[in-house]
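Scroll down for the structure; my scribbles are underneath it.
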Amino acid sequence: MEQNKKDVRYLNKDFGQFRANLIEFAKNYFPNTYNDFNESSPGTMIIEMASYVGDVLSYYTDNQLKESLLPYASYSPNVLTLAATLGYKPKQLS
């Protein structure tokens, strides 16, 4: 039986958005200090590493939000815990 997967996104950010935002930030606040945005420059490497970290953290934040909502949770212990907070007592499986 196929289960409908619902995409719950809290931050709605990805690598490309983080990268573009960091480049725009550097252009606005450090125009004279850093202006080499070539893909092979060390500064761009640091921007891309920070974008990767932001992307991974965004994924985990979205996943935690999804698992905290009963209709969207997929991890069994989370579903049971959320149901228990609503007063549901599951039958013992044999």
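The values are calculated or read from the model by the stated rules, or taken from the named source; none is laboratory data. The model shown is predicted, which means the values in this text are computed figures rather than measured ones. Positions of Cβ are generated from backbone atoms using ideal geometry, with glycine treated the same way; all protein chains shown enter the neighbour counts. The accessibility values were calculated without ligands, DNA or RNA, using every heavy atom of the protein model including side chains. Shrake-Rupley method; radii C 1.70, N 1.55, O 1.52, S 1.80 Å.
Looking across segment 60-94 at every residue that is outside any helix (DSSP H, G or I) and among the charged types (D, E, K, R), the one that is surrounded by the fewest Cβ atoms within 10 Å (Cβ to Cβ) is identified as Lys91.
Being surrounded by 12 or more Cβ atoms within 10 Å (Cβ to Cβ) and more than 14 Å from Phe18 (Cβ to Cβ) is the filter here; which residues of segment 36-48 pass it? Hits for segment 36-48 are Phe37, Ser41, Gly43. Among the residues of segment 49-59, what is the count of those that are open to solvent by 40 Å² or more (accessible area, probe 1.4 Å) and either farther than 17 Å from Gly16 by Cα or touching a residue at least 12 places away in the same chain (Cβ under 8 Å) (or both)? Final tally of qualifying residues: 3.
Scanning segment 1-56 for residues that are out of contact with any helix residue (DSSP H, G or I) (no Cβ under 9 Å at 6 or more places or on another chain) and modelled with pLDDT under 90, we see that the one that is farthest from Leu69 (Cα to Cα) is Met1. Can you name the residue in segment 22-35 that is open to solvent by 80 Å² or more (accessible area, probe 1.4 Å) and not aromatic (Phe, Trp, Tyr) and is also farthest from the chain's Cα centre (by Cα) among such residues? Top of the filtered list is Asn32.
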